[in-house]
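In what follows, a single structure is set out as structure tokens and then discussed.
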Amino acid sequence: MSESQDPLSYPPIDPVNFDLIIVGTGLSESVVAAAASAAGKTILHLDPNSFYGSHFASLSFLDFTSYLTSPNPLPAAVTTTDSVDVVVDLLHQPICSDVEISCYDEYSFLCENSRKFNIDLGGPRALFSADRTIDLLLKSGAAQYLEFKGIDESFVYESNGGLANVPDSRGAIFRDKKLSLKEKNQLMRFFKLVQQHLDDNQEEKISEEDMEIPFVSFLEKMKLPPKIKSYSPFLFLAEIGLGNLGVLLILLYAIALVDYDQDSNEVCKDLLKTKVGIDCLAQYSSSVGRFPNAPGALLYPIYGEGELPQAFCRRAAVKGCIYVLRMPVVSLLMDKATGLYKGVRLASGQDLYSQQLILDPSFTIPSPLSLSPRDFPCERLQMLSQRDIKGMVARGICITRSSIKPDVSNCSVVYPPRSLYPEQTTSIKSLQIGSNLAVCPEGTFILYFSTLCNNADEGKNLLKAAMNALLTLPVSGNTESISSVQSDSEDTKPIVLWSALYIQKLIVSNFELISSTSTPDGNLNYNDLLDAAEKLFRQMYPNEEFFPKATSPEDPTDEDDNGLTLDS
């Protein structure tokens, strides 16, 4: 089916009745499709796009640019006069706005090599080797369709302009001569306390009261000497070698991935509790060295993050889920008497029916409803017209010809609050991916940036500051003068060939007979999104298991670590 095919020529879908219809092949929708298919439900999974992944897709250079700058509206529905249902037209509202694209150099090269790029729409994204995403991939069997590579190094940006390593070696802290023997013993006792708390066989635990207080307050309560609090404020830091650099910054922003400044109660919207801090550090500690070919904590899928939803879609297809791309859903079918959902209408005019419906978060309905019977009970549709928007995330992408760190292809960088300028109240996450992950031509790199923000101007200013700290953004299209000026410098910043900035609304999922999923959030990992997908599945099917363990030899789901493929 070609992308320009007339909706009237779409072949009819058979059958027409399903347990569940899902519109959009984003990560959350694809996980629910795979889980529901595994539970024996009949699923029809549609997407108006010509590609899998929706807002989590990885696109070629030209397709990515087109997606941001030329969003496709829904086609007009074919009208019919014999419908016994109330027809409610859908609206498609792009979740990305305030797009700003700049091309500085080598545009012809980028276009000629467009298909060699796999640019993530929802980046930066990575997976901890021991997080719930990896466990779900193994449990569901989707891991067999993926191949990962470890992120080489992780850094924290320092206010003096340097990049400090987030260490992943053990025992380094005790070899450091900056700590006295007394301080090392104090740190060891603290380390032992938290180790005992995490050990189910130990009786000594951190109190429930302390587990609920802010992590920073817990450190104050422990009365650790100032040097230790700034050096290594948490137990696992001793074991995994986090020392020297203000480790508090490493713990909070590079490991726990906290978004807001924890030292400012006025601007902090999400104080890290002790319980969460322990869990985050335990996850990091378990991730380091879990897989022999990936000694660090982070993994990235070869060919981009768009491979993740595709893996779950393939898993669902094995279980009987029907997939149709380039198939716009333009209307909802509602029962005239009860106002309950009954089905959907395609752009071709075909009506399809299901017990439940999941919509991509970019779909909504007009408010107030028009062309509906006067006595039609439309209260059930209000949740779709009043989407729960909890904030914004600013995303940025740069393509360069060199790495931000010599001899390092793939790395993550976190900019803690106030590391760029005093008014910076949120952290900024960045991820550099090189050609050895099959996302860009050889000799080029893609850098992703993201931060939470209150408005577009604030978000873009934060990202531009982060980019300027590590990269050179030419004023004009001519980069020759910049190259000549920097040729004598040992610390040459990579020159940006192309960049994109855009703002994305953070829309929270809803559950009803008509449900909607969440947009990509501002986190580096996928844990919250997958938790929301699992919650949605359990609300829809409370008596079904979320990915039951396979029993037939033809359908293996290997939960062992060996079920994950890593490229060396």
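Taking each of K429/K493; K273/K464; K390/K460; K221/K275; K41/K336 in turn, the alpha-carbon distance tops 25 angstrom for K273/K464; K41/K336. Rolling a 1.4 Å probe over the protein chains gives E112 an accessible area of about 150 Å². Each residue of segment 427-434 is assigned a 3J(HN,Hα), and the resulting list reads 7, 10, 9, 9, 9, 9, 10, x Hz, derived from the Karplus form 6.51 cos²θ - 1.76 cosθ + 1.60 (θ = phi - 60°), x at Gly and Pro.
Taking θ as phi - 60° and the Karplus parameters 6.51, -1.76 and 1.60, the scalar couplings of segment 353-363 work out to 10, 7, 6, 9, 9, 10, 10, 3, x, 7, 8 Hz in sequence order, x denoting glycine and proline. Residues H45, H92, H55, sorted by accessible area with the largest first, give H92, H55, H45 [1.4 Å probe; ligands and nucleic acids excluded].
Over segment 107-150, average the accessible area per residue using a 1.4 Å probe and give it in Å², no decimals.
On the way: 1390 Å² over 44 residues.
Result: 32 Å² per residue.
Between the amide H of I119 and those of L59, S60, distances stay under 5 Å, these residues lying 5 or more places away or on another chain, with hydrogens modeled in the peptide plane. In a DSSP loop and with at most 13 other Cβ atoms within 10 Å, the GluC sites (Glu not before Pro) in segment 385-480 are E423, E442.
For the pair Q355 and C111, label points projected 7 Å from Cα toward Cβ lie 5.2 nm apart.
The values are calculated or read from the model by the stated rules, or taken from the named source; none is laboratory data. Fair warning: this is a prediction, and the values are worked out from it, not measured in the lab. Here Cβ is always computed from backbone atoms with ideal geometry, including for glycine, and neighbour counts include all displayed protein chains. Ligands, DNA and RNA are stripped out before the accessible areas are found, and what is left, the full protein with its side chains, is counted by its heavy atoms. Shrake-Rupley method; radii C 1.70, N 1.55, O 1.52, S 1.80 Å.
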